[in-house]
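Undergrad: Sending over a structure as structure tokens; questions will come in a sec.
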Amino acid sequence: MPGYELIGESELEEIKLIFSNGGILFRQGFENLRNNCYKVKDFENQFTQKLDSKHSLAVTSGTAALRVALAALNIGPGDEVITSSFTFVATVEAIIESGAIPKCVNIDETLNIDPQDLRNNISSNTKAVIAIHMLGTPARLNEINAICKSKNLFLIEDTAWGCGGKLDNKYLGTWGDIGTFSFDFAKTITTGEGGMITFKNKKLFEKAKAWHDHGHENNPDFPRWEDTRSGSGFNYRMNELQGAIGIAQLGKLDYIVESQRKNKDKIIKKISQIEGINLRQTPPNSYETADALIFFVKDSNLAKKCREELLLKGIGTKILPEAYTWHFASTWTHMPELMNAHKGQIQERLKQSQEILQKCVSIPINVKMPDDIPNKINDALEFAIMDSTI
Ligand SMILES: *Cc1c(COP(=O)(O)O)cnc(C)c1O
């Protein structure tokens with residue numbers, strides 16, 4: 001759970017550099033006052049390099065990243081965007097905010113988009129698919145990518161949980177046309193609030209860059225107040241303080257992901273003897289960020305029982321079943337746009353997802369894990385499961 005566990009000296013050092021170079025907090029301009037200190041720009045360049053991407057644009061949040069991505073693709077009223085039923089509300093909020101119609105499809109045992117259900121729900125109005133790598137496990141990108149290509153749809157990867165993860169040795173967020181990332185305080189790396197967008201295509205990148213800055217094209221031939229523009233936009237600019245922290249956190253990304261993976265393996269090794277626990281599936285050649293350990297038990301009652309026993313040992317469960325309602329589209333009756341898009345039938349449409357999710361238990365993985373955690377988890381689960389078989 002991660003980046004925030006490691007906030008310290010290196011983040012502070014990066015911020016001090018801003019203040020020892022004029023204290024310019026805006027990402028551009030003020031050339032004479034900043035001694036060539038550009039933290040957001042450096043963060044973007046380092047992010048591009050790290051992920052072996054083509055272009056990166058920093059923004060104010062992961063939600064903003066999705067909104068800007070949709071704007072760059074010219075998606076708006078009348079267009080349909082398909083996404084997963086198991087995600088954070090932000091994904092659907094961004095679609096609604098763009099004016100497009102949000103459609104949620106079922107998950108399979110990877111807890112990410114079921115490619116078959118995706119195929120079944122594509123209509124002539126569908127323009128894009130937003131795949132999620134929920135809690136750090138890659139979606140079935142090979143299949144989803146092939147479907148998008150054959151139907152001429154844009155693919156956006158909501159990589160809020162997948163920063164540093166890979167599939168077939170290629171970073172998550174660099175498979176689709178656009179990848180979006182979140183650096184909110186619970187994500188793999190954090191800038192307090194913040195996000196990033198990666199692009200393959202330079203034109204899309206330039207469109208997004210202007211749109212996230214009121215349409216400013218940052219034309220080098222003009223001062224900012226006379227800057228050229230070719231469309232409207234909005235303001236989702238990241239500031240220099242966030243950029244500085246991002247640089248320090250990015251330097252810790254490998255360590256964070258490796259530590260989480262190690263800790264997750266330790267727990268799996270410990271609980272693998274318990275009968276009735278089946279791990280979440282992963283596509284072949286997945287390199288997970290291991291943000292959570294998720295497994296299936298035989299039914300919803302047992303999942304809740306596992307949660308109770310884990311809580312008694314001081315281990316919180318994450319998202320399932322505890323915080324499920326913020327992450328499962330079937331429960332979002334507060335969003336009329338989503339309900340209307342499914343003609344009031346969302347519960348029936350997402351039955352498959354419901355059946356899968358209600359049997360899940362999710363344990364958060366930290367970078368720093370006390371030695372006795374795997375034993376505690378094992379004891380809690382053994383007790384819960386033994387109790388249920390009596
Ligand atoms: C966190 C999250 C977001 C939103 O990111 P913020 O930076 O909090 O706005 C979007 N999608 C998913 C799947 C997330 O988990």
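Undergrad: To the nearest 10 Å², what's HIS55's accessible area with a 1.4 Å probe?
TA: Solvent-accessible area, nearest 10 Å²: 40 Å².
Undergrad: Let me ask something additional. Mind checking the angle between helix 62-72 and the chain's longest principal axis? C-alpha axes, 0 to 90 degrees, to the nearest 10.
TA: Once rounded, one gets 60 degrees.
Undergrad: Something else: Using packing as a proxy for protection, rank 353-363, 8-18, 248-258 so that the peptide with the highest average count of other Cβ atoms within 10 Å comes first.
TA: Peptide ranking by packing, descending: 353-363, 248-258, 8-18.
Undergrad: Right, here's the next one. When we measure straight from the Cα of LYS207, which aspartates and glutamates land under 12 angstrom away, once same-chain ones fewer than 8 places off are left out?
TA: Output for LYS207: GLU217.
Undergrad: Among the listed pairs LYS170/LYS368; LYS200/LYS304; LYS39/LYS313; LYS351/LYS376, give every one whose C-alpha distance is greater than 32 Å.
TA: Numbers: LYS170/LYS368 27 Å; LYS200/LYS304 43 Å; LYS39/LYS313 43 Å; LYS351/LYS376 34 Å.
Long pairs (Cα-Cα over 32 Å): LYS200/LYS304; LYS39/LYS313; LYS351/LYS376.
Undergrad: Still on this structure: At 10 °C and 1.306 mPa s, grab the translational diffusion coefficient of the stretch 283-386 from Stokes-Einstein with a Kirkwood Rh over Cα pairs, rounded to a whole number in µm² per second. Let's see the in-between values first.
TA: Working: Rh = 15.3 Å.
For these conditions, the coefficient is 104 µm²/s.
Undergrad: Can you pull the three principal axis extents for the Cα set of the chain, in Å, largest first?
TA: 77, 52, 36
Undergrad: Please give the Cα centre distance for the stretch 30-57 versus the stretch 281-316, rounded to the nearest Å.
TA: 38
Undergrad: Okay, moving on. Can you sort TRP211, TRP332 by 1.4 Å-probe accessible area, starting with the largest?
TA: Solvent-accessible surface, decreasing: TRP211, TRP332.
Undergrad: How about the stretch 53-144: which GluC sites (Glu not before Pro) there are in a DSSP loop, with at most 15 other Cβ atoms within 10 Å of their Cβ?
TA: GLU109
Undergrad: Can you return the lysines within cross-link range of LYS203? Criterion is Cα-Cα under 20 Å, with same-chain partners fewer than 8 residues away left out.
TA: LYS41, LYS54, LYS127, LYS149
Undergrad: Kindly express, to the nearest 10 degrees and within the range 0 to 90, the angle between helix 39-51's C-alpha long axis and the longest C-alpha principal axis of the chain.
TA: Taking Cα atoms only, the helix is inclined about 50 degrees.
Undergrad: Report the antiparallel proportion of the DSSP beta bridges in the chain as a percent, rounded to a multiple of 5.
TA: Roughly 60 percent of the beta bridges in the chain run antiparallel, per DSSP.
Undergrad: Taking Cα pairs under 8 Å and at least six residues apart, what relative contact order does the chain come out at, in percent?
TA: Once divided by the residue count of the chain, the mean separation gives 21 percent.
Undergrad: Could you tally the net charge around TRP175, taking each other residue with its Cβ under 13 Å from the Cβ of TRP175, Lys/Arg +1 and Asp/Glu -1?
TA: Neighbourhood net charge equals 0.
Undergrad: Taking the DSSP beta bridges in the stretch 83-212 as the whole, what percent of them are antiparallel, to the nearest 5? Write down the numbers at each step before the final one.
TA: Numbers: 8 of 19 bridges.
Approximately 40 percent, going by the DSSP bridge assignments.
Undergrad: Treating the Cα atoms of the stretch 120-170 as identical point scatterers in vacuum, please give the log10 of the normalised Debye intensity I(q)/I(0) at q = 0.17, 0.19, 0.21, 0.26 Å⁻¹, two decimals.
TA: These q points yield log10 I(q)/I(0) values of -0.53, -0.64, -0.75, -1.01.
The values are calculated or read from the model by the stated rules, or taken from the named source; none is laboratory data. Computed from a prediction, not measured in an experiment: that's the story for all the values here. Every residue, glycine as well, gets a Cβ built from its backbone with ideal geometry; the counts of neighbours run over all protein chains shown. Please note that ligands, DNA and RNA were not included when accessible areas were found on the heavy atoms of the full protein model with its side chains. Shrake-Rupley method; radii C 1.70, N 1.55, O 1.52, S 1.80 Å.
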